[in-house]
1. Could we say that VAL85 is surrounded by 13 or more Cβ atoms within 10 Å (Cβ to Cβ) and part of a helix (DSSP H, G or I) here?
2. It is to be established whether one or more residues within segment 25-37 are crowded, with 24+ Cβ neighbours inside 10 Å and among the hydrophobic types (A, V, I, L, M, F, W, C).
3. Quick check on TYR202: is it more than 18 Å from GLY97 (Cα to Cα), among the aromatic types (Phe, Trp, Tyr), more than 14 Å from the ligand (Cβ to nearest atom) and out of contact with any Asp or Glu (no Cβ under 9 Å at 6 or more places or on another chain)?
4. Of GLY331, GLY289, GLY336, which residue is more than 16 Å from the ligand (Cβ to nearest atom) and either modelled with pLDDT under 95 or surrounded by fewer than 16 Cβ atoms within 10 Å (Cβ to Cβ) (or both)?
5. Six or more apart or on different chains, Cβ atoms under 7 Å: show the pairs whose first residue is in segment 148-165 and free of Cβ contacts under 8 Å to residues at least 40 places away in the same chain and whose second is among the β-branched types (Val, Ile, Thr) and assigned to a loop (DSSP other than H, G, I, E, B).
6. Just the residues that are under 24 Å from VAL99 (Cβ atoms) and out of contact with any strand residue (DSSP E or B) (no Cβ under 8 Å at 6 or more places or on another chain), please, taken from segment 137-165.
7. Mind checking which residues of segment 108-121 are at pLDDT 95 or above, more than 16 Å from the ligand (Cβ to nearest atom) and of a type in the set (Gly, Ala, Ser)?
Amino acid sequence: MRLVTSAIVLFSLVLAADASAQQKPPQRGIVNVTGQLYRAQNDNHYTVFLVTPEGIIMSDPINRDFGRWLKAEFATRFKVPVRYVLYTHRDWDHASGGVVFADTAEFVGHRNMLTALAPPAGNPPLPADAVKIDVNKNGLVERSEAAGAYGDRFALFDYNRDDVLSGAEIARGSISDVLPPTVTYTDRHTVTLGGKRVTMTYLGVAHADDSSVLHFPDERAVFSADILQVKRLPGGLAPTVGAWIDALTTINALDYEHALTGHALAGTKKDAMQSLQYLQDISKGVAAGIGAGRSLAEIQKSLTLDAYKGFERWDTTREAHIAAVYATISGTRPAGPAGSR
Ligand SMILES: [Zn+2]
């Protein structure tokens, strides 16, 4: 009996700890980068904004709750409205919640954002992780079946709000709270306000096919979510390592000092150069291994990329990155999920 009781107590404690972790308010803050350029935090996500006498140019809204918080901070600290929201890309965890600023702002994103945000189309089958929770095997995920990300973000997946997720809704992603851009561009686009400039440059197909880097020329700063990382390896190298090398090369062709990221640390151009060097090193290392007739497992063992040992995710992603590059170079494929951050 005592054993049972202590087991129950322990279980309750675990539940309580879990509940308090969930209820913990998000970590939020605003840090000045330089001049009137700021970086704002919502837990593991970051955005940036530039204050001008005529209003604010900001990047990703992240989500509604954070957007409301940020809007209140803007009202008390700067007393000017948001005039532009410049999207880094469509992903739900960066681009949601723009509706908070829709009363005063224009929304700018790469043209491919519109395609990504279009209504779910076709009739694709459920992905493997959704098949697993489709208990009644009807090829749909009902709300009662939804677990994991599908449970957590059910409403964001459920485009037509019929309480059921189809394969097409899942393929589209949990982006129902992403306000589509009102202005789109193809290669490069400059926004001017209150004597300040911000230029958006298209980054190609690395990570997503609608990514922009924001360049603040007067502040000598860039902002990119998910592609630019500081002392942190990318979540995945989809669709190809070449696309990632191209994207980082585009970023580093800009004149800047401050490397501002959508996750974790911010840094300098030197950090961004190191990230590009990692991609080149892994690419060359895998190609050399294939040239020498080594197997994937052998290359994963020998290509340790020690120079990046101190980087976040080196221990958890190095082998997967090598596998992705190996598949690309040897022409075999599966490069992993496209949505990894
Ligand atoms: Zn993303």
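1. On the way: surrounded by 13 or more Cβ atoms within 10 Å (Cβ to Cβ): yes; part of a helix (DSSP H, G or I): no.
Here the answer is no, as VAL85 does not meet what is asked.
2. Step one: list which residues in segment 25-37 are crowded, with 24+ Cβ neighbours inside 10 Å, which gives none.
No, that holds for no residue.
3. Values: more than 18 Å from GLY97 (Cα to Cα): yes; among the aromatic types (Phe, Trp, Tyr): yes; more than 14 Å from the ligand (Cβ to nearest atom): yes; out of contact with any Asp or Glu (no Cβ under 9 Å at 6 or more places or on another chain): no.
When the stated conditions are applied, TYR202 does not pass them.
4. Values: GLY289 fails: either modelled with pLDDT under 95 or surrounded by fewer than 16 Cβ atoms within 10 Å (Cβ to Cβ) (or both); GLY336 fails: more than 16 Å from the ligand (Cβ to nearest atom).
After applying the criteria, what remains is GLY331.
5. Between residues of segment 148-165 that are free of Cβ contacts under 8 Å to residues at least 40 places away in the same chain and residues that are among the β-branched types (Val, Ile, Thr) and assigned to a loop (DSSP other than H, G, I, E, B), the close pairs are TYR150/ILE133.
6. Listed by number, the residues that qualify are ALA149, GLY151, ASP152, ARG153, ALA155, TYR159, ASN160, ARG161, ASP162.
7. Listed by number, the list holds a single entry, ALA118.
Residues are listed down the side, and each one gets a yes or a no for (1) under 24 Å from ALA40 (Cβ atoms); (2) in contact (Cβ under 8 Å) with a residue 12 or more places away in the chain; (3) hydrophobic (A, V, I, L, M, F, W, C):
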| site | (1), (2), (3) |
| --- | --- |
| PRO239 | no, yes, no |
| LEU260 | yes, yes, yes |
| GLY285 | no, yes, no |
| ARG313 | yes, yes, no |
| ARG318 | no, yes, no |
| VAL325 | no, yes, yes |
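The values are calculated or read from the model by the stated rules, or taken from the named source; none is laboratory data. Computed from a predicted structure; not experimentally measured. Cβ atoms come from the backbone with ideal geometry, glycine included; neighbour counts cover every protein chain shown.
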